[in-house]
Each structure stands twice: as structure tokens, then as C-alpha cells.
Amino acid sequence: EAQVTQNPRYLITVTGKKLTVTCSQNMNHEYMSWYRQDPGLGLRQIYYSMNVEVTDKGDVPEGYKVSRKEKRNFPLILESPSPNQTSLYFCASSSQGGGGQPQHFGDGTRLSIL
Amino acid sequence: GDSVTQMEGPVTLSEEAFLTINCTYTATGYPSLFWYVQYPGEGLQLLLKATKADDKGSNKGFEATYRKETTSFHLEKGSVQVSDSAVYFCALNRYGGATNKLIFGTGTLLAVQP
């Protein structure tokens, strides 16, 4: 089954404690993205990757890092989380960068930073 | 820059009522347009899409037509069911874009009562 898998689904942690949210896709997609979803703002792209070792900033990259060492994995790293990073996070993948190719989303990770 | 505006919710309807959720966009060139649906506790799923002017996307009884003259992509369904209760997101993707970024509206919560 084609899917994007994120872990953990839920995490409560404290300010400054480094955390990593993992994302894995089994569709051999080149493109992967991270989004955050906030009430009244919809989803906003944090980072994206066009292929292994190729990543770039989206619209809200401050406070986040990513890496793409393997095609299937695209972890999101919060090195020093702060309360304003409390949000619902989604990983997505697609076979192409633009045009009509839909993106496939994971089920989301709800982060609470205290 | 590119943007998507959709009607605010929540939208509350009785079963079998007619649904319209308005969506308008601002974009240069010819974007692809999408409707995604988010059921409680789940990630986003593609509902339908249209890639050029006058295209009609349809799926599960939902329809939307890409109207370039009014820059709109309104979602419609003739008879809603309780199982349609979810958050609906309108989104666009720039043709030829290298970032695979989707620009989302803020989402519209639909609640269908039996």
C-alpha cells in the first residue's frame, strides 16, 4: 500500500529538548515536504527536498532542520524547540515538483512544546 | 505572491442538503488547483483536482470547475452525507514549480447533521 508514515503521532516535550520527527514514503517519490498546520492559517511549507541531498527552505523554516540522506526518508529536526512550534505537522511526497501531481500526506504529528 | 482564499466555516448542513464551499485564488501563470479533505485525526487526502481552465474535477459526488475568468474553484456536492463531515482545503500548485509547494486556504469545517 502506498503510504507516507510519520512518527511519533503525538509528542509533548519541553522547551530546548531536541527532537526529531521521522517521515518515510514507499512510493519512490523524488519530492518531499514538511508542512505545519495552524488554526486560521491553513498549511504552510517548512522545508522541501527535490532528491537525495537536495533540500531548501519553504515559507516558515526558522527553528527547523531537515536532511535527505536516503530517498525514502525525510526527518524534521527541532534542535531547540520553543512553544511557538507547538503545531500539527505533516510530511508529504510527490513524484513531480509542480503541475497537477497530487501530494501524498502522512497522518500528522501533533507536537506540544511546554 | 500566490494565495488561496476560501470561505470560513464552520458550515453546518442537514443530510441531503446541497453544499457549496467557495474558493478563489491569486496566482501568476496557470496553476493547478486541488481540493483536499481532512477527516478527524487523519492526514489530508486528495479529493479532486483540475489542471487547466474549464477543467472539471470530480470524485465521490463532489465537483469543482476551474474558472480562470473568475479565478475560482468552488466545491459542490448535490446531497451531503454525515460521512462527509471533515475539513476541506482548497490549494494551488504552480505549474513547473520546482518546490512542490502547495499553497493552501485556511480550510473550511463541514458538519453534516442527520
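Laboratory data are not the source of any read-out in this text; all were calculated from the coordinates shown. Since we're looking at a predicted model, the values are computed, not measured. Using ideal geometry, Cβ is built from the backbone for each residue, glycine included, and neighbour counts are taken over all protein chains shown.
Results, tabulated for the structure shown:
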{"read-out": "Share, in percent, of DSSP beta bridges within chain B that are antiparallel, nearest 5", "value": "90"}
{"read-out": "Subset of A:K57/B:K101; B:K49/B:K77; A:K18/A:K65; A:K17/A:K65; B:K56/B:K101; B:K60/B:K101 violating a 18 Å alpha-carbon distance limit", "value": "B:K56/B:K101; B:K60/B:K101"}
{"read-out": "Per-residue Cβ neighbour rank within 10 angstrom, fewest leading, A:S95, A:S33", "value": "A:S95, A:S33"}
{"read-out": "Dimensions in Å of the protein assembly as shown - Rg and Dmax from alpha carbons", "value": "17.5, 51"}
{"read-out": "Equivalent ellipsoid dimensions for chain A as semi-axes, Å, which come from the Cα gyration tensor, largest first", "value": "22, 14, 13"}
{"read-out": "D (Stokes-Einstein, µm²/s), Kirkwood Cα radius, the range A:42-107, 1.002 mPa s at 20 °C", "value": "166"}
{"read-out": "Hydrodynamic radius by Kirkwood, which averages 1/r over all alpha carbon pairs of chain B, in angstrom", "value": "14.1"}
{"read-out": "Centroid-to-centroid separation of the range A:99-114 and the range B:69-87 [C-alpha atoms, Å]", "value": "22"}
{"read-out": "Interchain or long-range residues, amide H under 5 Å from B:G9's placed H", "value": "B:L109"}
